[in-house]
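Asker: Here you go, one structure.
The values are calculated or read from the model by the stated rules, or taken from the named source; none is laboratory data. All of these numbers come straight from a predicted model, not from anything done at the bench. Note: ideal-geometry Cβ built from the backbone for every residue, glycine included; neighbour counts use all protein chains shown.
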Amino acid sequence: MAWVGKKYTLYKSENFEEYMKALGVGFFLRKIGNNTTPTIWLEKKGDWYEFHTESTFKTTILRFKLGEEFDEETLDGREVKTIMTLDGNTLTQTQKTEKKSVITREFTETECKTVCIYGDVVSTRWYRV
């Protein structure tokens, strides 16, 4: 896991506004979210992990143990139940709401490809070191 601790910054995004719209994110927050260039990284601290998202709009840290459900407040303020799993270089975040939202992040040493799925809406975002 040579990618743990490396910071990745968004450089390309497809269909993210439609994904946020499907989630019920309001117009103003969608415009901010779609025009923000976040930096993400994962840290491991013993049995715990921390997933960081940092931008000029908002910074969050998700602290979790793999496979254990926890309460998450999303960047747009929704309260969801979340489970994080790790399979090789792929971190999967499953958020339970009225529909399930699944976010997969496939890390390499130089890039992270993120696929966000909610219902039949799919968004793909690319980050690089």
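Asker: Which of the residues that make up region 31-49 are more than 26 Å from Glu17 (Cα to Cα) and either more than 15 Å from the chain's Cα centre (by Cα) or exposed (fewer than 15 other Cβ atoms within 10 Å of the Cβ) (or both)?
Answerer: Matches in region 31-49: Glu43, Lys44, Lys45, Gly46, Asp47, Trp48.
Asker: Collect the residues in region 55-77 that are assigned to a strand (DSSP E or B) and either under 11 Å from the mean Cα position of the chain (by Cα) or on the phi > 0 side of the Ramachandran plot (or both), keeping them in residue-number order.
Answerer: Selection gives Thr60, Ile61, Leu62.
Asker: On to the next question. Of all residues in region 78-129 being among the acidic types (Asp, Glu) and in a strand (DSSP E or B), which is farthest from Glu17 (Cα to Cα)?
Answerer: Asp87
Asker: Name, by its number, the condition in (1) at pLDDT below 95; (2) within 11 Å of the chain's Cα centre (by Cα); (3) not hydroxyl-bearing (Ser, Thr, Tyr) that does not hold for Phe28.
Answerer: Tallying (1) at pLDDT below 95; (2) within 11 Å of the chain's Cα centre (by Cα); (3) not hydroxyl-bearing (Ser, Thr, Tyr), Phe28 fails exactly one: (2).
Asker: Any residue in region 86-108 that's touching a residue at least 60 places away in the same chain (Cβ under 8 Å) and closer than 20 Å to Val129 by Cα: show its pairings with residues that are surrounded by 15 or more Cβ atoms within 10 Å (Cβ to Cβ) and of a type in the set (A, V, I, L, M) at Cβ separation under 6 Å, as long as the two are six or more apart or on different chains.
Answerer: The qualifying pairs are Arg105/Leu91.
Asker: Can you tell me which residue within region 81-108, out of those that are aliphatic (A, V, I, L, M) and closer than 10 Å to Glu69 by Cα, is surrounded by the most Cβ atoms within 10 Å (Cβ to Cβ)?
Answerer: So, considering only residues that are aliphatic (A, V, I, L, M) and closer than 10 Å to Glu69 by Cα, the one surrounded by the most Cβ atoms within 10 Å (Cβ to Cβ) is Met84.
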